[in-house]
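J.: Would you mind keeping the following structure in view while I ask a few things?
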Amino acid sequence: MTSHVPPVHDLDGPVVVLGARVCAWLVRRLDLDSVRTAVRGIDPEVDAALMAISVASLAWRTRNGCAPATEMAHRPQPDASSELTPSEAAARVGVSPQAIRKACATGRLPARRIGGRWVIAADDFELWKTRR
């Protein structure tokens, strides 16, 4: 006798599983919370997927001490305590400030230059630190 287990969703193609850190990266870099709000109600399956990504992102950011993406998006000027210098970042991971500056220059560590100096957002640093 064969038992039939109904599918949870009508899947018509491959399935992708995303880790919470990747969800946090996507939400921050692609502003997925705005996309989720803009397309809400158009497709229930897309609504559910975007909500799951948002929830996973928030869980990861909370667990890793990062500000939620919505707080970051609405903050007019970064708080000085939410930014790191290359020396501060280097001390946190036990590498040289030169290694941090190189990671910034090559784009591996998101950062911006202010007056010729690298400034690293604390949540970007936390994301980078977990994937090293």
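J.: Assuming R0 = 35 Å, what is the FRET efficiency of Arg92 and Asp12, from their Cβ-Cβ distance, to the nearest 0.05?
T.: Efficiency at R0 = 35 Å is approximately 0.20.
J.: Output the peptides 27-36, 94-103, 41-50 sorted from most to least packed, where packing is the average of other Cβ atoms within 10 Å over each peptide's residues. The partial results should precede the final answer.
T.: On the way: 27-36: 16.9, 94-103: 15.4, 41-50: 12.0.
So the order, starting with the most tightly packed, is 27-36, 94-103, 41-50.
J.: Still on this model: Roughly how compact is the stretch 20-71, stated as its Cα Rg over 2.2 N^0.38 Å to two decimals?
T.: Details: Rg = 10.7 Å, N = 52, 2.2 N^0.38 = 9.9 Å.
This ratio for the stretch 20-71 stands at 1.08.
The numbers here are math on the coordinates, done by the rules we state, and not lab data. A quick note: this is a predicted structure, and the numbers were derived from the prediction, not measured. As a convention, Cβ positions derive from the backbone with ideal geometry for all residues, glycine included, and neighbour counts pool all protein chains shown.
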